[in-house]
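Before any comments, here is the structure.
The values are calculated or read from the model by the stated rules, or taken from the named source; none is laboratory data. Predicted model only: the values in this text are computed from it and were never measured. Cβ coordinates were reconstructed from backbone atoms using ideal geometry, including for glycine residues, and neighbour counts include every protein chain displayed. Remember, those area values only see protein heavy atoms, side chains included, never the ligands or the DNA or RNA. Shrake-Rupley method; radii C 1.70, N 1.55, O 1.52, S 1.80 Å.
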Amino acid sequence: MTDREFTLLMTEVADRAYLTTIGEDGYPRTRAMLNLRNPSLYPKQVELFRPHRKDLLVHMSSSPESEKARQIARNPRGCVYYCHPTRWLGVSLIGDLAVSRDPDLRRALWNDGWEIYYPKGIDDPYYAIITLRPRRVEGWTSEGRFEFALEGA
């Protein structure tokens, strides 16, 4: 398995993703997020992510008023980390983050039950999308550490 194949596998099997942004004080802030790339948890998104198997683009939901959205507005650099802690496997996608309220993307990512987060549903003004466009990948397997740059980054 190549490093790229391993990275894709990790993004698709991890049950959650960890988003890191940079706080106003310059220190990182990490939080667990839903891993919308995991097809067993979010089968509706499979077709949305299929064209991004090479560039590893990540989408997540959040409020545009959240602290993480404010942090991204101040400094778009960040990463998303996927892991299997008990197997000592992990991969970090490092790049630039953006917050969007694009209605088509919001519709494509919406999942039943998200009314718990966004009570007004898909048109809730507090529902936005965070996108990571990875530039670099760093990972760890039983065979050791690896890293590579993504094309076009």
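Structure data summary
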| read-out | value |
| --- | --- |
| Folded to 0 to 90 degrees: helix 3-13 orientation relative to the chain principal axis, Cα | 40 |
| Carbon/sulfur fraction of accessible area - the chain, other protein chains in place, 1.4 Å, % | 52 |
| Virtual paramagnetic centre 7 Å along Cα→Cβ of Ser142, amide N under 14 Å, in segment 1-18 | 1 |
| Segment 1-79 - Kirkwood radius from inverse mean 1/r over Cα pairs (Å) | 13.7 |
| Rounded to the nearest 10 Å², the accessible area of Asp102 at probe 1.4 Å | 60 |
| FRET efficiency, Glu5 to Thr30 (Cβ-Cβ, R0 25 Å, nearest 0.05) | 0.45 |
| Where the Cα pairs of segment 80-152 fall when distances are cut into 10 Å bins, in % | 17, 32, 28, 21, 3 |
| Reciprocal mean inverse distance between Cα atoms of segment 50-118 - Kirkwood radius, Å | 14.2 |
| For Thr30, net neighbour charge (Lys/Arg +1, Asp/Glu -1) across residues whose Cβ lies under 14 Å away | +4 |
| Trypsin sites (Lys or Arg not before Pro) restricted to DSSP loop in segment 8-76 with at most 16 other C-beta within 10 Å | Arg53, Lys54 |
| Additional length obtainable on full extension of the chain from Ser40 to Asp124, 0.36 nm per residue less Cα span | 27.6 nm |
| Segment 4-90, relative contact order [Cα under 8 Å, separation at least 6], % | 37 |
| CD proxy at 222 nm, helix term only [per DSSP H run n ≥ 4: -39500 (n - 2.57); per residue of the chain; nearest 500] | -5000 deg cm²/dmol |
| Under 13 Å, Cβ to Cβ, from Leu132 - net charge with Lys/Arg +1 and Asp/Glu -1 | +4 |
| Cα-derived Rg over Rh, computed across the chain with Rh taken as Kirkwood radius | 0.96 |
| Nearest-10 value in Å² for the accessible area of Leu41, using the 1.4 Å probe | 80 |
| Cα-projected label distance for Glu65 with Val13, points at 7 Å along beta-carbon direction, nm | 4.1 |
| Net charge contributed by nearby residues that have their C-beta within less than 14 Å of Glu147 (K/R +1, D/E -1) | +1 |
